[in-house]
1. Say whether the condition of being crowded, with 16+ Cβ neighbours inside 10 Å and either assigned to a loop (DSSP other than H, G, I, E, B) or at pLDDT 70 or above (or both) is met by at least one residue in the range 174-182.
2. Cβ-Cβ under 7 Å, sequence separation 6+ or interchain: first residue in the range 401-421 and without any contact (Cβ under 8 Å) to a residue 60 or more places away in the chain and loosely packed, with under 15 Cβ neighbours inside 10 Å, partner of a type in the set (Val, Ile, Thr) and assigned to a loop (DSSP other than H, G, I, E, B). Which pairs?
3. Can you find even one residue in the range 374-388 that is modelled with pLDDT of 85 or more, within 32 Å of the chain's Cα centre (by Cα), exposed (fewer than 13 other Cβ atoms within 10 Å of the Cβ) and within 30 Å of residue 128 (Cβ to Cβ)?
4. Suppose we keep only residues that are touching a Pro at 6+ places or on another chain (Cβ under 9 Å) and of a type in the set (A, V, I, L, M) within the range 347-368. Which one would you say is surrounded by the fewest Cβ atoms within 10 Å (Cβ to Cβ)?
5. Residues being crowded, with 17+ Cβ neighbours inside 10 Å and small (Gly, Ala, Ser): count how many of those fall in the range 422-441.
6. Considering only the range 271-285, how many residues are crowded, with 17+ Cβ neighbours inside 10 Å and in a helix (DSSP H, G or I)?
7. Starting from residues that are within 23 Å of the chain's Cα centre (by Cα), part of a helix (DSSP H, G or I) and β-branched (Val, Ile, Thr), keep the ones in the range 311-354 and report whichever is nearest to residue 301 (Cα to Cα).
8. Only one residue in 438, 357, 400 is under 30 Å from residue 315 (Cα atoms) and over 26 Å from the mean Cα position of the chain (by Cα). Which one?
Amino acid sequence: MHTVHKVKKNFAVLCIVTSLFLTFLSSASVIAESQELTNKQKNAIAMLNYMTVLTQDINKSKNSQLYMEEAYSDLINNTYAPAVDPDTLSQMTGLLDTMEQYRLIDVKRDRLKYVYEQSQAQAMRSIIPNPLGLLSASSSFNLLTLVGSGIYMAVDSYSSYQAYSSKAEQDYLKGEWALDDEASAALHESRKDTFVYMINMVNKYDLPADSVLTEKTVNEFVDWKNNKNVISRIQFLEENKDTYKSYGGYWLTLADSYYEDKDYKDCVNAVEQYEDLGVRIFLRDYDYAKVLPHAIVAAEKAYSTNRYVSLASNWAQKIISNTDNSDWSLRYFAAQTYVDLYKLTSDKSYLEKAYDIAKNNVNELFNEQLTLNATYLDKVKFQDVPKGKTKSEKEKKKKIEEYNDMLKETRKTELPPVYEPLMLNCDLLFALADEIGISKS
């Protein structure tokens, strides 16, 4: 009887302890859930870190004129409006006002874009004599060679343009390439605005301190991002994962670094970590799209055919959905990816997707050729030289006069223009049409 009573007593104690333990687990679960970031907080962190890095990146770029062109355009045209709160809007407009003072004049910007694209297309053509070379078993051409062909030539480097431009163009383009001291000083003032913006966002959204980048951590990141020693760069990025893991650019930089070091599985993993952040602050994620060719090649090197086909088909579509119609080079890579997938699977739908991409590229680029034709057949049209006495007005006048001199010298030896990006995509389009069996009409 005594034993039965003792067992009942022990059982009762066990029930009480179990109940308390379950209550503790429940409470711990609630606490853990309360510590998880909401989607609004995640987007606030992503936007805050993006703006902080963008400001510092502009300040640190040695050839900032062209970088600022792209940054300015992205803020105006590619910001996902629901992700912008009043504090972010104020920070953006302040940065736009600063950049506007130092943007290139329109005529120079257009010429830079043309010369760059000609050089880019020629680099691709030099390694792709046959637009459907991926289908040839004897061809040495593959997606790896396409990635290395110049698709990622540095747009902010004067040397990128020397391969194609004339001597007159080179002299013109080289002038005033980097930001002057006055521009750098003005951008430097934005540091104060960035600090105030950071404080306001942290307090407003109750953001965890360890997820927000400071000026110091951003400076370190930008320095290491541009470090040429890939082993040292990877070491820094891996060692400081906890500091930067909430910033999307960290994972993209890490993916590129792993690719450069031929660590292909880790390259793929880094891209997937970026995707897992699940935040949206852009209409189209251009930086993500630029990394995807590396990820596709890495997947082909690291995984089985089935795994590669799954990843590559998904990422090729992501390239299309995260680029503009004018981003012909990345879309061209996506088309070649589909050609490669057709070779592996014999699934004709991949060729049809490649054909649609090439057709859209041609449609986009065709008008540029018509414009070049009309300009060549017409008399040289000089830009009107403005009048003005202020320093900025005199600078603009000087730039336009230099541009007019360049046009005059170039026309003396200029041949009829052939828009190389159009030719490259036409070759692919007609080859695909023959392969699929589409009629000439």
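The values are calculated or read from the model by the stated rules, or taken from the named source; none is laboratory data. Just so you know, these numbers come straight off a predicted model, no measurement behind them. Cβ sites come from the backbone with ideal geometry, for glycine too, and all protein chains shown count toward neighbours.
1. Just the residues of the range 174-182 that are crowded, with 16+ Cβ neighbours inside 10 Å, to begin with: 179.
When the remaining residues are screened for being either assigned to a loop (DSSP other than H, G, I, E, B) or at pLDDT 70 or above (or both), the result is 179.
Within the range 174-182, one or more residues are crowded, with 16+ Cβ neighbours inside 10 Å and either assigned to a loop (DSSP other than H, G, I, E, B) or at pLDDT 70 or above (or both).
2. Between residues of the range 401-421 that are without any contact (Cβ under 8 Å) to a residue 60 or more places away in the chain and loosely packed, with under 15 Cβ neighbours inside 10 Å and residues that are of a type in the set (Val, Ile, Thr) and assigned to a loop (DSSP other than H, G, I, E, B), the close pairs are 401/385; 408/380; 411/380.
3. No, the range 374-388 contains no residue that is modelled with pLDDT of 85 or more, within 32 Å of the chain's Cα centre (by Cα), exposed (fewer than 13 other Cβ atoms within 10 Å of the Cβ) and within 30 Å of residue 128 (Cβ to Cβ).
4. It comes out as 365.
5. 1
6. 3
7. Applying the filter and picking the extreme gives 337.
8. Criteria check complete, one pass: 438.
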